[in-house]
Amino acid sequence: MSGAHFAFTDRWGGGSAVPYEELNLGGAVGDDPEVVRANRASAARILGLAPDRVVWMNQVHGRDVAVVDGPWAGDGAGGGAGSQEVPAVDAVVTTCRGLALAVLTADCTPVLLADPVAGVVAAAHAGRPGLVAGVVPAAVAAMVSLGAEPGRMVARTGPAVCGRCYEVPAAMRDEVAAVVPAAFAETSWGTPAVDVVAGVHAQLAEAGVVDARRSPVCTLESGDHFSYRRDRVTGRLAGYVWLGSPRTERGGSTDD
């Protein structure tokens, strides 16, 4: 769709040391804040974005959505738990062209949305709690309040842990499936699992979003991506969405 751009990073091309190597973009995981700032600036420039025109979130696995017209005051390598300037939200929406919205993940599902006709984009962080809470429908509703239409929306979900790998207790799987039946899954070794990506796409379809594509990458299986479930202490990937003209190089991918 002309005018809407999406990008997802891998773990390579940054300056972070072990165990965050290399392109850690998360500011609340224990990495050197100055290195994270440099990584964020580098990723933005690779995508043709101004580093100071990227909005990050303080993600808390909820369903709150913020409508934004610029980055938060004082946000540098923050944008994570502990940042006082960045409110606790798990989705951001904007109508500002050239303003990029970013979501951090390391197994959770990054959800990027755009209605280029209405000029509205959104980024959402959907882990298991956020899926159950309904952060994705909340983001779609916030976009609609700004003039977007679900039937015109384009949705992209990035690298995330797959249902074959996301093992959970049977009771937890039942709790999630009671709210989002499509998330009911089984691991490749035959134990209870949750498929957050499938659940997100079911919620998008229920909301009327028909143009929705998913990444084939499972973060737990891929050595090119960060995975909290695999490594515990690790970096964070980012997904970006914006209205504008991108420039791409190694370290990320765009789809318009």
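We did not get these values from a lab; they are worked out from the coordinates using the rules stated. Every value quoted in this text rests on a predicted model; they were computed, and no experiment measured them. Every residue, glycine as well, gets a Cβ built from its backbone with ideal geometry; the counts of neighbours run over all protein chains shown.
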- request: Filter the GluC sites (Glu not before Pro) in region 120-224 down to the DSSP loop ones having no more than 16 other Cβ atoms within 10 Å, then list what survives.
  value: Glu221
statement: The cysteines in the chain that find no other cysteine Cβ closer than 4.7 Å to their own Cβ are Cys96, Cys108, Cys165
query: Which residues' amide hydrogens lie under 5 Å from the amide hydrogen of Asp211, considering only partners 5 or more residues apart or on another chain, with H built in the peptide plane?
result: Ala155
query: Across all directions of projection, what mean area in square nanometres is found for the Cα convex hull of region 50-192?
result: 9.1
- prompt: Scattering from the C-alpha atoms of region 115-256 alone, worked out with Debye: what is log10 I(q)/I(0) at q = 0.16, 0.19, 0.20 1/Å?
  reply: -0.91, -1.20, -1.28
statement: Working note, the chain: Cα radius of gyration (Å, one decimal) and Dmax (Å, whole number) are 16.7, 48
query: In the chain, which longest range has no chymotrypsin sites (Phe, Trp or Tyr not before Pro) that are both DSSP loop (not H, G, I, E or B) and surrounded by at most 16 other Cβ atoms within 10 Å?
result: 13-188
message: Just want to confirm a number: the relative contact order over the chain, from Cα pairs under 8 angstrom separated by 6+ residues, in percent.
response: 28
query: Which value at 222 nm does the chain reach when only helices count, each DSSP H run of 4 or more adding -39,500 (n - 2.57), with the total divided by all residues and rounded to the nearest 500 deg cm²/dmol?
result: -6500 deg cm²/dmol
query: Just for the Cα atoms in region 14-74, what are the lengths along the principal axes, largest first, rounded to whole Å?
result: 34, 28, 19
Most mobile listed residue (Met172, Met153, Met57) in the chain, GNM with C-alpha springs under 10 Å: Met172
